[in-house]
Structure formats: C-alpha cells, structure tokens
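S.K.: One structure is given below, represented as structure tokens, and several questions about it will come after.
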Amino acid sequence: MPAPPLSWIRPEPWGIHVVPADAWIDPGRAVDRALVTHGHADHARGGHGETIATPATLDIMKLRYATSEGAMPVKYGETIRLPGGVDATYIPAGHVLGSAQILLEHAGERVVVTGDYKRRADPTCPPFQVTPCDIFITEATFGLPVFTHPPIAEEMAKLLDRLAAYPDSCVLVGAYALGKAQRVIAELRAAGHMQPIYLHGAMEKMCRLYEEHGVDLGELRLVSNHSKDDMRGSIVVCPPSALNDRWSRRLPDPITAMASGWMRVRQRARQRNVELPLIISDHADWGELTRTIQEVDAAETWITHGREEALLRWCQLHQRRARALAMVGYEDEDD
C-alpha cells in the first residue's frame, strides 16, 4: 500500500483537515467548507460557508441548527470532486439516519473517515459498509474490552416484559433525541409492539423527519394531548434530561428506563436513578471495532472520539500501524 498520506490530510484539534481542498471533516468551529458525517451536535454545527453531507443529514441540520445556506447534498455511493483534485464519496455508516463514512481519494491514496458507526442491523438507517483504504480513521467511543453490547432483541424483551408486569404504570424510556429514540421505537415495532407510543414534545419533530425519510414508526402520540389513564400500560419516550424532571409527574407511576451503551456501567444507571437499564448503543462495541479494523485492513489506523489508548494498544499487539488523534469537542452523548 502507499505510504501514509500525511502530506494532504492532517488531524487538527478541531477536525480533520483535507489540505488540497481546504476542507474540514466534522469541524468543531465554522469553516468555509465542511464535510459532515452525521447530524449529532459534536459532529455537525451551523455557520459553515459550504456544508457537504447526505440529504438526510442536511435535513437534520436544518431542523436542529436552522442552517441551510451553502448546503450540498451527496447521496450514498456518489462521488464528488473537491478543489485540489480530491474525490469524496459518502458511504453508509449505520449510526443514525443519514450517517456516512467519507472516502477521500487523492494522488492514488485512499482515506476513510468513519465518523460514528455501528455494525448491528438498524431498521432506521442503511448498514455500515466495509471500505478498503490506506488510512482508516475510526471512532473509539466504546473502545474498551468491557463494552460488549447484547443483542437488541434481548433488551426489547426486557422492556416489554417489564411493561406487561405493571399494566397500571408506564415505562418511561430516556433516549437520545436523534437516532436512539427512533431506533428504539422501530425495534419495538419489529418485536410486535403495535400499541401507540407516547412522546415528549421535544421528540416529535425528529420522529416526523424520520417518517418523511421513509422510516415507519407506527402510531405516535404526544404526552401533552393525553391523560394519565390514557398512558397506563404504555411506553413513553423522552430525552434523558426529562427522566427525573417535573414533566414526568404527568405520567402514571412511570418505571424509568434508559437506552444507552453506557448502561453497561452500573454507576451511570444509578446516577440517573434508572430502574431498567437498556444496553442499546448506536456505536460499535469493542469486538466490532477490532473486527472492523481487521476487515478494512488499512496500512495505518488512526483512532479518535473516545477510548483511544486501549484500541491503540490492541493494534500494536496485532502488528498494525496505528496512532491516536488528540481531537477536541467530541462528547460521549447519551448514546
């Protein structure tokens, strides 16, 4: 494989700089030309001169950050030519609606920037595609061996069993407003739960946007339009910040649950007073991270966005060239 293309792609504290194109990938500050992998706030922001992303990501950014100026949509599999002779192709990442890896090609060299990704099936977005390259820039949010995500069907069964055991209550599920909430709803439908699901008002617009992009979420109702009795025996979905908020007093004896990869850490569940931890993540777990590195089989792996040191050590033990990047502004979220 060619030597690492350090001459034209450089990690900076606020983003990956594609030098010949004077473009930045997921920059943490406003730039003239931004290539955005997905719509979460630690990767996407307003204020760029030009924003290049998938159509769904651009719609998400317009909804969340009221930004639409200079938007350039790129479909999955489409290659665009950037200034300086750099080609960019957007490839499914399997993280949330619209999420993409970005393949950059220049001077005969190939670099893949994953953004955030997962390898599990998700009814709300296309699956991750393994893409051979010379440099593989991977996230490492759950880059520790302790993180092994269980099958989502098991977590849905836990949720539905608890609901059935307490028919006069409701189960209140805290879920990140972009991606996690819609995936939980879609997985509940796949598990056969066809009853109306109630939403905190802050979730409605994003759920409707998913529906506009062809994701069937079934019947959704706003909590604010219904009585306590209406919601007995039902599932309610809210932002994590609302789990123990005064807002929840309008619900019938809620059983608090939270859908997050961090629910593997019992202390996090206790800190949030979560009665029913649901280990559901939109990021790759340790086994999926290491398997992906092996399958991509790049000449060098760059590691960012999380627990970098353990994954770096794994690469070294397996005779794979790797380096950890010191990026700023990337957060755990409430995955």
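S.K.: Run down ALA140, ALA181, ALA177 and say which single residue is open to solvent by 10 Å² or more (accessible area, probe 1.4 Å) and in contact (Cβ under 8 Å) with a residue 24 or more places away in the chain.
M.R.: When all the criteria are applied, what remains is ALA177.
S.K.: Considering each residue of region 193-218, count those that are in a loop (DSSP other than H, G, I, E, B) and either in contact with a His (Cβ under 6 Å, 6 or more places away or on another chain) or free of Cβ contacts under 8 Å to residues at least 12 places away in the same chain (or both), and give that number.
M.R.: Total satisfying the criteria: 1.
S.K.: So which pairs qualify, if the first residue must be in region 219-237 and among the hydroxyl-bearing types (Ser, Thr, Tyr), the second must be open to solvent by 10 Å² or more (accessible area, probe 1.4 Å) and not in a loop (DSSP other than H, G, I, E, B), the Cβ gap must be under 7 Å, and the two must be at least 6 apart or on different chains?
M.R.: Pairs that qualify, where the first residue is among the hydroxyl-bearing types (Ser, Thr, Tyr) and the partner is open to solvent by 10 Å² or more (accessible area, probe 1.4 Å) and not in a loop (DSSP other than H, G, I, E, B), are SER224/GLY201.
S.K.: Please find, among ILE60, ILE25, the residue that is buried (at least 23 other Cβ atoms within 10 Å of the Cβ), modelled with pLDDT of 95 or more, over 26 Å from VAL296 (Cα atoms) and not hydroxyl-bearing (Ser, Thr, Tyr).
M.R.: ILE60
S.K.: Let me ask something else. What's the number of the condition GLY84 fails, among (1) buried (at least 21 other Cβ atoms within 10 Å of the Cβ); (2) not in a strand (DSSP E or B)?
M.R.: Result: GLY84 passes all but (1).
S.K.: Can I ask one more? Any idea which residue in region 268-284 is nearest to PHE136 (Cα to Cα), counting only those that are part of a loop (DSSP other than H, G, I, E, B) and open to solvent by less than 10 Å² (accessible area, probe 1.4 Å)?
M.R.: Selected residue: ALA284.
Okay, residues lined up against (1) surrounded by 14 or more Cβ atoms within 10 Å (Cβ to Cβ); (2) touching a strand residue (DSSP E or B) at 6+ places or on another chain (Cβ under 6 Å); (3) farther than 23 Å from PRO151 by Cβ; (4) at pLDDT 95 or above:
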site	(1), (2), (3), (4)
TYR198	yes, yes, yes, yes
MET206	yes, no, yes, yes
LEU209	yes, no, yes, yes
GLY218	yes, no, no, yes
GLY233	yes, no, yes, yes
VAL236	yes, yes, yes, yes
ASN244	yes, no, yes, no
ARG249	no, no, yes, no
ARG266	no, no, no, no
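S.K.: Further question: Given the conditions (1) open to solvent by 40 Å² or more (accessible area, probe 1.4 Å); (2) part of a strand (DSSP E or B); (3) of a type outside the set (A, V, I, L, M, F, W, C), report the number of the one that THR148 does not fulfil.
M.R.: Tallying (1) open to solvent by 40 Å² or more (accessible area, probe 1.4 Å); (2) part of a strand (DSSP E or B); (3) of a type outside the set (A, V, I, L, M, F, W, C), THR148 fails exactly one: (2).
S.K.: Hey, among the residues in region 252-267 that are within 22 Å of TYR117 (Cβ to Cβ) and part of a helix (DSSP H, G or I), which one's nearest to the chain's Cα centre (by Cα)?
M.R.: Filtering region 252-267 for residues that are within 22 Å of TYR117 (Cβ to Cβ) and part of a helix (DSSP H, G or I), the one nearest to the chain's Cα centre (by Cα) comes out as GLY261.
S.K.: Yes or no: region 265-286 includes at least one residue that is free of Cβ contacts under 8 Å to residues at least 60 places away in the same chain, in contact with a Ser or Thr (Cβ under 6 Å, 6 or more places away or on another chain) and within 17 Å of LEU172 (Cα to Cα).
M.R.: yes
S.K.: Of the residues that sit in region 29-55 and are in contact with a His (Cβ under 9 Å, 6 or more places away or on another chain) and open to solvent by 10 Å² or more (accessible area, probe 1.4 Å), which one is nearest to PRO126 (Cα to Cα)?
M.R.: Across region 29-55, the extreme among qualifying residues is PRO55.
S.K.: Scan region 306-320 residue by residue and report those that are more than 16 Å from ASP134 (Cβ to Cβ) and either open to solvent by less than 30 Å² (accessible area, probe 1.4 Å) or assigned to a helix (DSSP H, G or I) (or both).
M.R.: GLU308, GLU309, ALA310, LEU311, LEU312, ARG313, TRP314, GLN316, LEU317 - these are the residues of region 306-320 that are more than 16 Å from ASP134 (Cβ to Cβ) and either open to solvent by less than 30 Å² (accessible area, probe 1.4 Å) or assigned to a helix (DSSP H, G or I) (or both).
S.K.: Here is a further query. If you go through region 154-174, how many residues are touching a residue at least 60 places away in the same chain (Cβ under 8 Å), out of contact with any Cys (no Cβ under 9 Å at 6 or more places or on another chain) and in a helix (DSSP H, G or I)?
M.R.: Residues meeting the conditions: 4.
S.K.: Same structure again: Name, by its number, the condition in (1) open to solvent by 10 Å² or more (accessible area, probe 1.4 Å); (2) touching a residue at least 12 places away in the same chain (Cβ under 8 Å); (3) closer than 30 Å to GLY214 by Cβ that does not hold for VAL74.
M.R.: Every condition holds for VAL74 apart from (1).
S.K.: Right, GLU295: open to solvent by 30 Å² or more (accessible area, probe 1.4 Å) and under 26 Å from PRO145 (Cα atoms) or not?
M.R.: So GLU295 passes the test.
S.K.: Please work out if GLU109 is in contact with a Pro (Cβ under 6 Å, 6 or more places away or on another chain) and at negative phi.
M.R.: Spelling it out, GLU109 is indeed in contact with a Pro (Cβ under 6 Å, 6 or more places away or on another chain) and at negative phi.
S.K.: Tell me which residues, restricted to region 95-136, are open to solvent by less than 10 Å² (accessible area, probe 1.4 Å) and not in a strand (DSSP E or B).
M.R.: HIS95, VAL96, GLY98, SER99, THR114, GLY115, ASP116, TYR117, LYS118, THR124, CYS133
The values are calculated or read from the model by the stated rules, or taken from the named source; none is laboratory data. Note that the structure is predicted; figures quoted are calculated from it, not measured. Counting neighbours? That spans all protein chains shown, and the Cβs are built from the backbone with ideal geometry, glycine included. Remember, those area values only see protein heavy atoms, side chains included, never the ligands or the DNA or RNA. Shrake-Rupley method; radii C 1.70, N 1.55, O 1.52, S 1.80 Å.
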